[in-house]
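*Asks:* Once you've had a glance at the structure underneath, I'll fire off some questions.
The values are calculated or read from the model by the stated rules, or taken from the named source; none is laboratory data. Please read these numbers as outputs of a predicted model, since none were measured by experiment. Because the Cβ atoms are built from the backbone with ideal geometry, glycine has one as well, and the counts that use them run over all protein chains shown.
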Amino acid sequence: MKITKEEVKKVAHLARLELNDNAVSNHAEQLEKILEYIKQLESIDTDDIPCTTRAIEVTNIFRKDEKKNSDCIEELLELGPSKEDKYFKVPKIINE
């Protein structure tokens, strides 16, 4: 299947791209090469190959969630710009 200049112009129009005739020809050639490469890949027998999501398996290491009591509340509140009782005090951002 050959990619025509009209198809490239249509896709460029849909993508809101302005392409001159030279760029249209260039993109048509490049898309044709990409499709040829895909045809090569389609010819490879992958029936016995298991599906994968990535080449190297990645696993997350999660820590167990545990409730801990903290006795350094005052020290933490001192790190903030302003406090009131045992809470951080922040500027009001919602008008009533």
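*Asks:* Looking at (1) surrounded by 10 or more Cβ atoms within 10 Å (Cβ to Cβ); (2) part of a helix (DSSP H, G or I), which is the one condition that is false for GLU78?
*Replies:* Going through the list (1) surrounded by 10 or more Cβ atoms within 10 Å (Cβ to Cβ); (2) part of a helix (DSSP H, G or I), GLU78 breaks only (1).
*Asks:* Taking ALA28 as meeting all but one of (1) without any contact (Cβ under 8 Å) to a residue 24 or more places away in the chain; (2) surrounded by 11 or more Cβ atoms within 10 Å (Cβ to Cβ), write down the number of the exception.
*Replies:* Evaluating ALA28 over (1) without any contact (Cβ under 8 Å) to a residue 24 or more places away in the chain; (2) surrounded by 11 or more Cβ atoms within 10 Å (Cβ to Cβ) leaves (1) as the failure.
One line per residue, one yes/no per condition, for (1) at pLDDT 90 or above; (2) basic (Lys, Arg); (3) exposed (fewer than 11 other Cβ atoms within 10 Å of the Cβ); (4) closer than 30 Å to ASP85 by Cα:
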position	(1), (2), (3), (4)
THR4	yes, no, no, no
ARG16	yes, yes, yes, no
ASN20	yes, no, yes, no
ALA23	yes, no, no, no
LEU41	yes, no, yes, no
ASP45	yes, no, yes, no
ALA55	no, no, yes, no
ILE61	no, no, yes, no
ASP71	no, no, yes, yes
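*Asks:* Can you spot a residue in the stretch 31-52 that is closer than 30 Å to THR4 by Cα and among the aromatic types (Phe, Trp, Tyr)?
*Replies:* yes
*Asks:* For the list (1) in contact with a strand residue (DSSP E or B) (Cβ under 9 Å, 6 or more places away or on another chain); (2) in a loop (DSSP other than H, G, I, E, B); (3) not basic (Lys, Arg), I need the number of the one condition that CYS51 fails.
*Replies:* CYS51 satisfies every listed condition except (1).
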